[in-house]
Amino acid sequence: MSFNVNLPEKYVIKKEIGSGGMARVFLAEDRELGKYVAVKVLNLDPSTPTSNQQRFKEEMRLVQYIKSPYIVRFYEGKYDKNIKYLSMEYVQGKMLKEVIEMQGRLQPDRAVDYAIQIAKGFSEIHAQNIVHRDLKTSNVMITNTGQVKIIDFGIAISDDSSRFTQTGKVIGSVHYLAPELIDKQEASPQSDIYALGIILYEMLIGNPPHRGKTPIETALKHKTEPIPQVNKIYPNIPQALSNIVVKATAKKKELRYQSMRQLEADLADCLSQKRMTEKPIVLDDKPTIKRFGLFSRRK
């Protein structure tokens, strides 16, 4: 089968395993490494926005700094006028999104395990002064042995990143979008913490908390509607775990966990016997209503 992709000869493409508006991802054999890899190739047709090329270049730059067992490993990449690709660890498993779709809501212990692994990976990301900005269940892989692998840094930013967003638009996935991003404030580690809180909710309940008729309506719900308490929906969820979801998804970012390590530490013993009598937390977290600007829809 011909894939019409310009790659070095050492790569033998086996099949296409993913595609989006910015790039295509292929399973390939790297004959020099002697292993299968995932190769992400930028779409170079004339309709590809210049901003996509800039984001792809930025992703290649950022992923080289991150070393963690919970983040997909970067091998190599090239970016010039003729070829734009990056080669990464090939993860055998399923997206967390697929796991939830196939199995329904996860039991608390399994959801906590995955959330802790994601938090550990993000501790390393944030330690490099990088904000992911697009944490969602389709950007988290679960290997066949149950290990988390965080993928796709296509819209991540660091302290010295250029901003490639268009004026008046917000970049991100509306089901996981922190309220401050809807107001076009700068992304921060608290934005990623909010997204992980939404993912934890989704794992425990089986679906995200907010669904509107349009992306704009969904995004607005993050600003104006409270996140339902998970233990009110399923009483088998301990109060301590419900409290973590509440704190991670606070509408005011200063009320959220101040770091992924802090969130990880709270998750570590939330199912323990000593926290079985924990009381519900109450936050001064009333939503604020503000005029809403345009934002870009990202599938």
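The values are calculated or read from the model by the stated rules, or taken from the named source; none is laboratory data. Predicted model, so just to flag it, every value in this text is computed and none were measured. Here the Cβ positions follow ideal geometry from the backbone for every residue, glycine too, while neighbour counts run over all protein chains shown.
When the residues of segment 73-105 are filtered to those that are among the hydroxyl-bearing types (Ser, Thr, Tyr) and more than 26 Å from Ser173 (Cα to Cα), the one that is modelled with the lowest pLDDT is Tyr79.
Can you tell me which residues in segment 34-52 are in a loop (DSSP other than H, G, I, E, B) and at pLDDT 80 or above?
Once the filter is applied, which keeps residues that are in a loop (DSSP other than H, G, I, E, B) and at pLDDT 80 or above, segment 34-52 yields only Gly34.
Scanning segment 136-147 for residues that are under 12 Å from the mean Cα position of the chain (by Cα) and under 17 Å from Pro69 (Cα atoms) yields Asn139, Val140, Met141. The residues on offer are Val148, Val72, and the sole one that is touching a residue at least 60 places away in the same chain (Cβ under 8 Å), in contact with an Asp or Glu (Cβ under 7 Å, 6 or more places away or on another chain) and buried (at least 16 other Cβ atoms within 10 Å of the Cβ) is Val72.
Residues of segment 231-266 that are in a loop (DSSP other than H, G, I, E, B) and surrounded by fewer than 17 Cβ atoms within 10 Å (Cβ to Cβ): Tyr234, Pro235, Asn236, Lys252, Gln258.
Among all positions in segment 80-89, there is at least one residue which is farther than 21 Å from Ile130 by Cβ, without any contact (Cβ under 8 Å) to a residue 24 or more places away in the chain and not assigned by TED's automatic domain parsing to the domain that holds Asp269.
Table: residues versus (1) within 21 Å of Gln128 (Cα to Cα); (2) assigned by TED's automatic domain parsing to the domain that holds Leu255; (3) at pLDDT 85 or above; (4) not polar (S, T, N, Q).
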position: Arg163; (1), (2), (3), (4): yes, yes, no, yes
position: Ser173; (1), (2), (3), (4): no, yes, no, no
position: Tyr176; (1), (2), (3), (4): no, yes, yes, yes
position: Lys184; (1), (2), (3), (4): no, yes, no, yes
position: Ser188; (1), (2), (3), (4): yes, yes, yes, no
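Among the strands (runs of 3 or more DSSP E) confined to segment 53-145, the ones with at least 1 residues that are touching a helix residue (DSSP H, G or I) at 6+ places or on another chain (Cβ under 6 Å) and not β-branched (Val, Ile, Thr) are located at 74-79, 84-89, 93-95. Among the residues of segment 212-239, which ones are among the charged types (D, E, K, R) and either under 21 Å from Ala111 (Cα atoms) or outside the structural domain of Lys120 (by TED's automatic domain parsing) (or both)? Of everything in segment 212-239, just one residue is among the charged types (D, E, K, R) and either under 21 Å from Ala111 (Cα atoms) or outside the structural domain of Lys120 (by TED's automatic domain parsing) (or both), namely Lys232.
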